[in-house]
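Below is one structure, written out as structure tokens; comments come after it.
Each value in this text was obtained by applying a stated rule to the coordinates, not by laboratory testing. Just so it is clear, the model here is predicted, and its values are computed rather than measured. Cβ: placed from backbone, ideal geometry, glycine included. Neighbour counts: every protein chain shown.
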Amino acid sequence: MAYAYDDQNIFAKILRGEIPNNTVLETEHTLAFRDIAPKAPDHVLVIPKGPYVCFDHFCNDASAEEIVDFARAAGQVCKMLGCEPGHGGEGFRAITNAGEDGVQEVPHYHLHILAGRPMGPMLLMR
């Protein structure tokens, strides 16, 4: 499936420097910044700098360098937050949403890293 990337989405504007952000980490292919409406004491968004709509788009179309950089950056964010289980932290939740059923709000792939409190059950059954 071909994905249509909207270069006017808020994360594209952040990447272009049109909208400020509270940067946590920046690498060659990745930007991590604090969420403006945090759902936990630590809530960081990790986004690729490339024009990827969602997780599967990124996994299937990003270069190996982009994928490795993104994964390592996400790991570095966890380390920076001090939430790594087994390394002094109490754990974290990593979430990505895709499409309408996944309740994706911004059409640019992003990973939420939430930490600093117990997260509760992953999903509530209805």
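If a residue must be in contact with a helix residue (DSSP H, G or I) (Cβ under 7 Å, 6 or more places away or on another chain) and buried (at least 18 other Cβ atoms within 10 Å of the Cβ), how many such residues does segment 1-32 contain? Break it down into steps so the answer makes sense when it comes.
To start, the set of residues in segment 1-32 that are in contact with a helix residue (DSSP H, G or I) (Cβ under 7 Å, 6 or more places away or on another chain) comprises 3, 19, 21, 24-25, 27-32.
After this cut, where a residue has to be buried (at least 18 other Cβ atoms within 10 Å of the Cβ) as well, the list is 21, 24, 29-32.
Number satisfying all stated conditions: 6.
Checking LEU114 against (1) under 15 Å from the mean Cα position of the chain (by Cα); (2) within 27 Å of ALA2 (Cβ to Cβ), which test does it fail?
Unmet condition: (2).
Suppose we filter ASP56, ASP69 for residues that are in contact (Cβ under 8 Å) with a residue 12 or more places away in the chain, crowded, with 16+ Cβ neighbours inside 10 Å and of a type in the set (Asp, Glu); which single one remains? Outline the logic, then answer.
Working: ASP56 fails: crowded, with 16+ Cβ neighbours inside 10 Å.
The conditions single out ASP69.
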